[in-house]
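Each value in this text was obtained by applying a stated rule to the coordinates, not by laboratory testing. Here the structure is a predicted model, which means the values were calculated and not measured. Here the Cβ is made from the backbone with ideal geometry for all residues, glycine too, and neighbour counts use every protein chain on show.
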Ligand code: ZN
C-alpha cells in the first residue's frame with residue numbers, strides 16, 4: 001500500500017548541519033554527490049529521496065510527511081461486534097503501516113452521537129441520548145484497547161459540530177445545490193449514485209435501508225437527503241435559521257471532516273457497507289461546498305464480515321460479539337484473524353479461523369525469537385509487500401520464513417507485539 005524508497009547516502013537532501021559529503025549545507029545535493037557550485041544552481045533534484053507513495057485500492061497517493069485519514073466511527077448505541085472490530089482494526093493497521101513507511105498518520109475517527117438509531121435505542125433504555133452514547137462509547141473504547149487499536153489523533157463528536165452543519169447547509173443553499181422545505185434543508189442528490197456506479201433503483205433501495213427516507217414527500221426528488229432535519233418528537237433539537245432541528249447523518253461527517261482537515265483528506269476509511277449512501281453523499285456535499293475535488297484522494301473500504309453468507313445484524317440474531325471472542329481467545333489471535341486476508345474482500349466468519357490465526361501468531365512469535373543474523377533485505381521486502389495494498393498474508397509468510405528482526409518488525413507494525 002505504501003512504499004517509501006530507501007534513502008541512499010549522498011542522494012538525499014542534506015540539512016544545514018549535514019556533514020555528509022555531497023550536502024552543500026543549504027539542503028542541496030548535486031547529482032554526483034559533490035557540493036553544488038557557488039551559483040547555487042542544482043544540476044538535478046533526486047525527487048525519489050524521502051517521497052512516499054501509497055497505493056490504496058489501486059489508487060496511487062503521493063505523501064510528503066503526513067497523511068490525513070478520516071475514519072467513519074461508531075454510532076454508540078450497541079455493543080461492539082466482529083464487523084465493527086474488523087473495520088477499526090484495519091484502519092489501525094493502515095495507520096501503523098503509514099508510520100512504518102515514515103509518514104505521520106493523522107487519524108480522525110468521529111463519533112456519531114446524534115443519530116436516529118441512537119435516539120431510538122436511548123428511548124428504549126429510558127436514557128438521555130448523550131448519556132446513553134457516553135456509556136456505549138466507554139465500552140467501545142475498552143474493546144478497541146483490548147484489540148490493540150490505538151486512539152485516533154482526533155475524535156470529534158457530532159453533537160459538538162451542529163453549528164458547522166448549519167454553516168454547511170447555508171453554504172449548500174447559497175451554492176444552489178440544496179433547498180429549504182418546512183424547516184428542513186435537502187441536498188440535491190442527482191448524480192451522486194452514478195458517481196459510485198449505482199443505478200437509481202439500487203440507490204433508492206440502499207437509501208431506504210440506511211434511513212434516508214426516500215419517500216419523504218417534502219423532497220423534490222427521492223435521492224435528495226437531509227442536511228438539516230426539521231424537529232421531530234423523540235429527537236434532540238437545536239436552533240437554526242430554518243427553525244429547530246438536527247443535522248443529517250452524511251452532513252455531520254462532512255462537517256466534522258472539513259472542520260478537522262479542511263477541504264480534502266488523503267484517505268477516507270470505513271466499512272464497505274458505508275460506501276453508499278453515506279460516503280458518496282459525504283463526498284458530494286464536501287465537494288459542492290468547497291469546490292475542491294476530489295474530497296478523498298483514496299478510499300479504504302474494508303470488507304464486510306458475514307456469518308454463513310449473511311450480513312451480521314442484530315435483527316438477524318447472528319451477531320458475533322467481541323466480548324465473547326475475547327473471553328475465549330487471545331486478543332492477538334482475533335486481531336490476526338482479521339488482518340491475515342485481503343483487506344477489501346468480504347469474508348465469512350467461522351470459529352475455525354481463530355484456530356488458524358492462533359497457529360499463525362505462534363509461528364510469528366517463534367520466528368521472532370529465532371537467533372538469526374539481521375537481514376535488512378527481508379525487512380525491505382516486507383515493507384514493499386505492505387506497500388502493495390497492505391498485503392499482510394505475504395508479509396507474514398516472509399517474516400515467518402526470515403525470522404529474527406523481520407518477524408519482530410512485522411509483529412510491531414501489525415500491533416501484535
Ligand atoms: Zn461518516
**Fill in**
Note: probe point = Cα of residue 350 + 7 Å toward Cβ; backbone nitrogen < 16 Å; residues of the range 287-320 passing the test are 306-310
**Fill in**
One finds, for residue 202 and residue 372 with R0 = 60 angstrom and r their Cβ-Cβ distance, a FRET efficiency to the nearest 0.05 of 0.65
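With the cut-off at 1.5 for a/c, could you classify the range 323-417 from its C-alpha gyration tensor as rounded, prolate or oblate?
Because a/c hits 1.5 or more and a/b fails to exceed b/c, the range 323-417 counts as oblate.
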**Request:** Inverting the mean 1/r over all pairs of different Cα atoms, compute the Kirkwood radius of the range 175-252 and quote it in Å.
**Result:** 13.0 Å
**Request:** Report, in whole Å, the centroid distance computed from the Cα atoms of the range 115-188 and the range 345-417.
**Result:** 37 Å
**Asked** Zone of residue 239 (label point 7 Å along Cα→Cβ, backbone N under 16 Å): which residues in the range 142-176?
**Response** 162-164, 166-167
**Request:** Report the extension gain between residue 216 and residue 275 in nm, rounded to one decimal, defined as 0.36 nm multiplied by the number of residues separating them, less their alpha carbon distance.
**Result:** 19.0 nm
**Prompt:** Taking 0.36 nm per intervening residue step and subtracting the Cα-Cα distance, what contour gain separates residue 99 from residue 60 on full extension?
**Reply:** 12.3 nm
**Prompt:** What is the Cα centroid distance between the range 197-243 and the range 279-314, reported in whole angstrom?
**Reply:** 18 Å
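Going by a ≥ b ≥ c, the root eigenvalues of the Cα gyration tensor, does the range 65-302 fall in the rounded group (a/c under 1.5), the prolate group (a/b larger than b/c) or the oblate group?
Because a/c hits 1.5 or more and a/b fails to exceed b/c, the range 65-302 counts as oblate.
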**Request:** Using Cα pairs closer than 8 Å and at least 6 residues apart in sequence, work out the relative contact order for the range 180-223, in percent.
**Result:** 41 percent
**Asked** What is the log10 of I(q)/I(0) for the chain, computed with the Debye formula using one identical point scatterer on each Cα and no solvent, at q = 0.06, 0.08, 0.11, 0.12 Å⁻¹?
**Response** -0.30, -0.51, -0.89, -1.02
**Prompt:** For the residue pair residue 120 and residue 53, what label-to-label distance in nm results when each label sits 7 Å from Cα along the Cα-to-beta-carbon direction?
**Reply:** 4.8 nm
**Request:** Order the peptides 222-229, 106-113 from the highest to the lowest mean number of other Cβ atoms within 10 Å of their residues.
**Result:** 222-229, 106-113
